[in-house]
Amino acid sequence: LDGPRQGLLNLYDDNPQSQPKQAETRMKLAVALAVLPAAAAFVGPAPAAPSTVMKESLGDLKALQKSLPGPPNDYFDPLNLATMTFDWGPQGEEATIGWLRHSEIKHGRVDMAAFLGGV
């Protein structure tokens, strides 16, 4: 035999020239098996999935603002955007607040990219 199979056979024969190869292979295997449990000790438990509660109504937003520390202690919406219904039809207050939240995140990301010169 020749090629990769010959190398495998050399590991298991009684030839004195292959004895150092056997010792090296066994040592590598022993080290790998000894290190494996030690590495598993440093892995923490999987974190629990975070639960996200969306505050989508005006009452929820006002309650959230009251629960936060520091000023302002009152809900701040000078243009009354949370009570408006935009041009996509009568979907209600929750759809309006969700759309405003989505657009704020989107425009914030565009602003950050523009600051870094990406736009």
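Could you tell me whether Ala82 is closer than 20 Å to Ser57 by Cβ and touching a Leu at 6+ places or on another chain (Cβ under 7 Å)?
yes
Quick check on my filter: what residues within segment 74-110 are of a type outside the set (Asp, Glu), in contact with an Asp or Glu (Cβ under 8 Å, 6 or more places away or on another chain) and open to solvent by 100 Å² or more (accessible area, probe 1.4 Å)?
none
Quick one: which residue in Ala113, Ala32 is surrounded by 10 or more Cβ atoms within 10 Å (Cβ to Cβ) and at pLDDT 80 or above?
Ala113
Looking only at segment 49-73, count how many residues are surrounded by 11 or more Cβ atoms within 10 Å (Cβ to Cβ) and at pLDDT below 80.
Final tally of qualifying residues: 2.
The values are calculated or read from the model by the stated rules, or taken from the named source; none is laboratory data. The structure presented is a predicted model; accordingly, all values stated were derived computationally and were not measured. Positions of Cβ are generated from backbone atoms using ideal geometry, with glycine treated the same way; all protein chains shown enter the neighbour counts. Ligands, DNA and RNA are excluded from the accessible area calculation, which covers all protein heavy atoms including side chains. Shrake-Rupley method; radii C 1.70, N 1.55, O 1.52, S 1.80 Å.
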